[in-house]
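Below is one structure, written out as structure tokens; comments come after it.
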Amino acid sequence: MPRLGVLGWPVEHSRSPAIHNAAFAALGMDDWRYQLLPVPPVLFTETARALGRSGFLGANVTIPHKRDALMLADRASEAASAIGAANTLSFAPDGTIAAENTDAPGLIAALQCSPRAMRALVLGAGGSARAAAWALRHAGASDVLVWNRTFERAEDLARDLGVRAVREPEPADLLVNCTSVGLHPRASAGEELDELGLSFAAVGEYAYVVDLVYGAGPTRLLAAAGEHGARTLDGVEILVAQGALSFELWTGRSAPVGAMRSAARDESAPA
């Protein structure tokens, strides 16, 4: 039985099993399975290296393991190496591990418009933020800014990727939240926006707001953006886009994106 999964900590919220298992069902791949792989950081490398010997063909990687995923790989794509993070691992029969980053092209595909000539602000400095900043710069954004609560981390990312770190969020055409803020909702919308360095009024300075976090409904960031009349995109669409690319990499088959999106949007779908 070919097996796949998603490595993360925490990972219980992930809809990746639902979307991939729906894809297998749509294509009649009845012997394939995709599962949650909750792994704390101290066990990540050991666990990931053991997956290939346990019958896994590959695994997606989410918070907080994306940089470690790149470091443990025996080989990596040009994009993953340039980004400095990987979200997709493939396990070869000889025991070697290949790293890829489908977050970057997944974001651009999900946007459904070119970011060329846009000024973009990325919130966060982890693996997803690295992918977003790299993707936007390579897609022609005129200026890519990175903000993180720890400015030094934003500086490190900016230095690596040729973008610009800022001490405070600045107005832009496009805002992309790559932090985990919103994954576990706070008591109030104001507290949540404050964690992102924003106020409700400041959210109105962005024409297009993207949030990689997803849940039962719009995050508070997207809700605020919607009240200002901004265009919004939630994390489900990005999850589906990057997941489709991973699916095709592992299986060699065209991803049934419609079935994957339906499963991602169905909150009652089994993991």
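The values are calculated or read from the model by the stated rules, or taken from the named source; none is laboratory data. The structure displayed is predicted, hence computed values, not measured ones. When we count neighbours, we look across all protein chains shown, and the Cβ atoms used for this are built from the backbone with ideal geometry, even at glycine.
Structural remarks
- Taking first residues from the range 228-253 that are closer than 15 Å to Thr102 by Cβ and aromatic (Phe, Trp, Tyr) and partners that are modelled with pLDDT of 95 or more and in a loop (DSSP other than H, G, I, E, B), the Cβ contacts under 6 Å between residues at least 6 apart in sequence or on separate chains come to Phe247/Ala255.
- Among the residues examined, Ala189 qualifies as surrounded by 15 or more Cβ atoms within 10 Å (Cβ to Cβ) and either more than 21 Å from the chain's Cα centre (by Cα) or among the charged types (D, E, K, R) (or both).
- Count - residues of the range 225-261 that are among the polar types (S, T, N, Q), part of a helix (DSSP H, G or I) and either surrounded by 21 or more Cβ atoms within 10 Å (Cβ to Cβ) or touching a helix residue (DSSP H, G or I) at 6+ places or on another chain (Cβ under 7 Å) (or both): 2
Yes or no, residue by residue, for (1) touching a strand residue (DSSP E or B) at 6+ places or on another chain (Cβ under 8 Å); (2) surrounded by fewer than 16 Cβ atoms within 10 Å (Cβ to Cβ); (3) in the same structural domain as Gly55 (by TED's automatic domain parsing):
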{"position": "Arg149", "(1), (2), (3)": "no, yes, no"}
{"position": "Asp156", "(1), (2), (3)": "no, no, no"}
{"position": "Pro169", "(1), (2), (3)": "yes, no, no"}
{"position": "Thr179", "(1), (2), (3)": "yes, no, no"}
{"position": "Ser199", "(1), (2), (3)": "no, yes, no"}
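- For the range 4-34, a residue qualifies if it is within 23 Å of Arg253 (Cβ to Cβ) and either surrounded by fewer than 17 Cβ atoms within 10 Å (Cβ to Cβ) or basic (Lys, Arg) (or both), and the qualifying residues are Arg15, Ala25, Ala26, Leu27, Gly28, Met29, Asp30, Asp31, Arg33.
- Segments classed as strands (runs of 3 or more DSSP E), wholly inside the range 1-64, with at least 2 members that are over 25 Å from Val213 (Cα atoms): 56-61
- Scanning the range 170-185 for residues that are assigned to a loop (DSSP other than H, G, I, E, B) and either among the acidic types (Asp, Glu) or without any contact (Cβ under 8 Å) to a residue 12 or more places away in the chain (or both) yields Glu170, His184.
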